[in-house]
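Chemist: Next up is a structure, given as C-alpha cells.
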Amino acid sequence: MSERIRNTTSFIRSRLGLTAGQGAEVGSWPRPEIGIVLGSGLGALAEEIEVIAALDYADIPDFPVSTVAGHRGRFIYGRLAGRYVLAMEGRVHYYEGYPIGEVVLPVAAMCGLGIGTLVVSNAAGGLSPLFEAGDIMVIEDHINLIPNPLIGPNDPSAGTRFPDMNEPYDRSLIALAHRVAEEQGTVLREGVYIGSTGPSYETPAEVRYFRTIGGDAIGMSTTPEVIVARHRGVRVVGFSLITNVLTGRPSRLGGRATLTHEEVIEVGARATARLSRLVREVVARL
C-alpha cells in the first residue's frame, strides 16, 4: 500500500503541476498548505476556491471513485482566502466496499503532497439533545468504530508504528473556529464524533448506546482519514453538519420519521453557506 500511495501522490503532483519542494518553480505551482475534505451536501465551498487545476478521481489509475450521490469525486487545487489549498470534492466510504486502505488513499496522498493542516467535514446525525438540524459542530474528539487504516505493515517514512492520538483535533484550531464563529454570529457546537461503518442508519438501541459511550454526533466517515493525517504529523480541524437529531426512541413512541440520504443532502445544502463562510475564514487565519 505504501508504494501505491507514493505512486498516486507522484501522479497527482505531476497532473496538477505541483512542486515537490516548499516554493514555486518555473512552470509549477507551490505545494498546497491546507487540505480540505468536503463531505455530503457541503461541496459548495469548492465554488469559493480560485481553481488553478482540477483532476477527476476517475482519471487517476487504480483510484477509488465515490458511488454516493452528492460526492462529485475530484481534487481541486487553487487558492482560498489567499492560501494554496487542495480540496477533495467528495470522498469514498468504507461501506461502499472499498478496503480501508483505499478509503484513506486520497488523504494519504494529500499528506504526501505536503499539506500541513487538514480540514475535514461531514454530515452527521446529532446524538446530543441540545443539537438541532442545521447546527454546525466542531469536532473535539472522536470514537472510531471503522477498521483502523494503520492495521498492517507500517511505513516508517510516514509515521511511527504506534502514533499518539491524545489530540486528534488540534486544540488551537478548535479555539480559532470558536472565535471566528462568534465574530460571524454563528452558533458553533462542540462535541465528540463517532465514525461508524454504515450504510444503515442507527437503530434506537444503537442511538442510546452511542450516547452512553460519549458521542455527540455520528456519521460514516472522517475518523480513518483523521487517523492517517495524524500518523503523518498533519494537524486537523473537523466540522460536522448536523442533518437530523436522533432520539433513541422507536418511531411508534414519537421518535424521528424515516431518514433518507436525500434529506441529509437537503439539510446540508441549506446550511452550507454558513459552514463555507466559517471554513473560509478559518483557512484565512491558519
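The values are calculated or read from the model by the stated rules, or taken from the named source; none is laboratory data. The shown structure was predicted, so the numbers you read here are calculated from the model rather than taken from an experiment. Cβ coordinates were reconstructed from backbone atoms using ideal geometry, including for glycine residues, and neighbour counts include every protein chain displayed. What goes into the accessible areas is simple: the full protein's heavy atoms, side chains included, and nothing from ligands, DNA or RNA. Shrake-Rupley method; radii C 1.70, N 1.55, O 1.52, S 1.80 Å.
Chemist: Since P199 meets every condition but one in (1) under 16 Å from the mean Cα position of the chain (by Cα); (2) open to solvent by 20 Å² or more (accessible area, probe 1.4 Å), which condition does it not meet?
Modeler: (1)
Chemist: Against the definition (modelled with pLDDT under 95, of a type in the set (D, E) and either more than 23 Å from R232 (Cα to Cα) or in a loop (DSSP other than H, G, I, E, B) (or both)), how does E202 come out, yes or no?
Modeler: Numbers: modelled with pLDDT under 95: yes; of a type in the set (D, E): yes; either more than 23 Å from R232 (Cα to Cα) or in a loop (DSSP other than H, G, I, E, B) (or both): yes.
Spelling it out, E202 is indeed modelled with pLDDT under 95, of a type in the set (D, E) and either more than 23 Å from R232 (Cα to Cα) or in a loop (DSSP other than H, G, I, E, B) (or both).
Chemist: For the range 137-157, which residues satisfy the criterion of being modelled with pLDDT under 95 and either of a type in the set (D, E) or touching a helix residue (DSSP H, G or I) at 6+ places or on another chain (Cβ under 6 Å) (or both)?
Modeler: D155
Chemist: Right, next: In the range 161-196, which residue that is open to solvent by 50 Å² or more (accessible area, probe 1.4 Å) and in a loop (DSSP other than H, G, I, E, B) is farthest from H142 (Cα to Cα)?
Modeler: The initial filter retains those residues of the range 161-196 that are open to solvent by 50 Å² or more (accessible area, probe 1.4 Å), namely 161-162, 164-167, 171-172, 178-179, 182-183, 185, 187, 189-190.
When the remaining residues are screened for being in a loop (DSSP other than H, G, I, E, B), the result is 161-162, 164-167, 185, 187.
Details: R161: 20, F162: 18, D164: 14, M165: 10, N166: 11, E167: 10, G185: 26, V187: 21 Å.
This residue is G185.
Chemist: Next question, about the same structure. Cβ-Cβ under 7 Å, sequence separation 6+ or interchain: first residue in the range 182-208 and more than 22 Å from P149 (Cβ to Cβ), partner among the basic types (K, R). Which pairs?
Modeler: So the pair list comes out as Q184/R277; T186/R274; P204/R249.
Chemist: Among residues belonging to the range 77-110 that are among the aromatic types (F, W, Y) and in a helix (DSSP H, G or I), point out the one that is farthest from N154 (Cα to Cα).
Modeler: Step one: list which residues in the range 77-110 are among the aromatic types (F, W, Y), which gives 77, 84, 94-95, 98.
Adding the requirement that they be in a helix (DSSP H, G or I) leaves 94-95.
Numbers: Y94: 20, Y95: 24 Å.
For the range 77-110, the residue satisfying everything is Y95.
Chemist: Quick check on I136: is it touching a residue at least 40 places away in the same chain (Cβ under 8 Å) and β-branched (V, I, T)?
Modeler: Numbers: touching a residue at least 40 places away in the same chain (Cβ under 8 Å): yes; β-branched (V, I, T): yes.
Judged against the criteria, I136 is a match.
Chemist: Could you please find all residues in the range 226-284 being under 20 Å from P168 (Cβ atoms) and either at pLDDT below 65 or open to solvent by 20 Å² or more (accessible area, probe 1.4 Å) (or both)?
Modeler: Listed by number, the residues that qualify are R230, R232, G233, R235.
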